[in-house]
Amino acid sequence: MANCFGDIVDNYKLDTMPRYVGKTKTREDRAREASYLNNENEKSKKAKDYVNMLKDWYGNGASTLCVIYNQTGGTLRYVDDKDWLGYPGPTPYPTEIGNGQWASFLHVHKTGAASGSMAAVVYRGKDGGGTERDFAMAWSTPWGASKNRAYCEIGSVGSFQSQWDKLYTNLNKAGYTTNASSTRSSISAATAKGSSPDFKAYVKIPYSA
């Protein structure tokens, strides 16, 4: 995808590292190296520059500049999204985010409307035990002086499509940062002040050093 940045940290990538040559590679190994390589070849900067470019192209108005980093040791695949206010900008949500990649996209307010950017996106991937999970990440950049918010949650496969109202309520109760965790996976999400804040999320599994 054009809006994913960085090499995928897979077994082929690990085979280039002396630590792993000739050894069995695991999901935990791939997650560990994705964590260590989160700015390899300035990929995080490239993701940020890309969404800044989208914002410059879009122009003024409430919007949310979103980046998501995958360090689950496997691929995250797009499942669904929900717009409460606004819509995705000129590029869609990536259909896949490889392990060790940044995804970058812009969410904007409805043109000509005194409203903000408020939405959620759900990706599916495997936790540290190999069980499929759905990872929801949500943001709220309202019009006017209201506080920006970031929210995240981990659910079972298909659980969020019937719970958009609950997710909306939880987002409206959230602050600038939210952390969600299960036994074998976690998400952190954060936004900032302003009418076009940066929203950043990490989807992770645990690993030993």
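Cβ-Cβ contacts under 9 Å between residues 6 or more apart (or on different chains), taken from a first residue in region 79-94 that is among the charged types (D, E, K, R) to a second residue that is part of a loop (DSSP other than H, G, I, E, B) and crowded, with 17+ Cβ neighbours inside 10 Å, are listed as Asp80/Phe160; Asp81/Tyr93; Lys82/Phe160. Against the definition (among the hydroxyl-bearing types (Ser, Thr, Tyr), surrounded by 16 or more Cβ atoms within 10 Å (Cβ to Cβ) and in contact with a Gly (Cβ under 7 Å, 6 or more places away or on another chain)), how does Ser195 come out, yes or no? No.
Pairs linking a residue in region 182-202 that is among the acidic types (Asp, Glu) to a residue that is modelled with pLDDT of 95 or more and in a loop (DSSP other than H, G, I, E, B), with Cβ atoms under 6 Å and 6 or more positions apart or on different chains, are Asp198/Ala192.
Pairs meeting the criteria (first residue in region 9-32 and within 15 Å of Thr72 (Cβ to Cβ) and at pLDDT below 95, second residue among the aliphatic types (A, V, I, L, M) and part of a helix (DSSP H, G or I), beta carbons under 7 Å, at least 6 apart or on different chains) are lacking.
Every condition in (1) part of a helix (DSSP H, G or I); (2) under 18 Å from the mean Cα position of the chain (by Cα); (3) touching a residue at least 12 places away in the same chain (Cβ under 8 Å) holds for Asp49 except the one numbered (3).
Can you confirm whether region 14-37 contains a residue that is touching a strand residue (DSSP E or B) at 6+ places or on another chain (Cβ under 6 Å) and part of a loop (DSSP other than H, G, I, E, B)? No. The numbered conditions (1) in a helix (DSSP H, G or I); (2) over 30 Å from Thr111 (Cα atoms); (3) touching a strand residue (DSSP E or B) at 6+ places or on another chain (Cβ under 6 Å) are all true for Asn70 except (1).
Taking region 42-101 as the range and being surrounded by fewer than 22 Cβ atoms within 10 Å (Cβ to Cβ), among the polar types (S, T, N, Q) and at pLDDT 95 or above as the test, the residues that pass are Ser44, Asn52, Thr75, Thr95.
Checking each residue in region 123-158 for being among the polar types (S, T, N, Q) and within 18 Å of the chain's Cα centre (by Cα) picks out Ser140, Thr141, Asn148, Ser156.
The values are calculated or read from the model by the stated rules, or taken from the named source; none is laboratory data. Just so it is clear, the structure is predicted and the values come from calculations on it, not from any experiment. Virtual Cβ from ideal backbone geometry, glycine too; neighbours counted across all protein chains shown.
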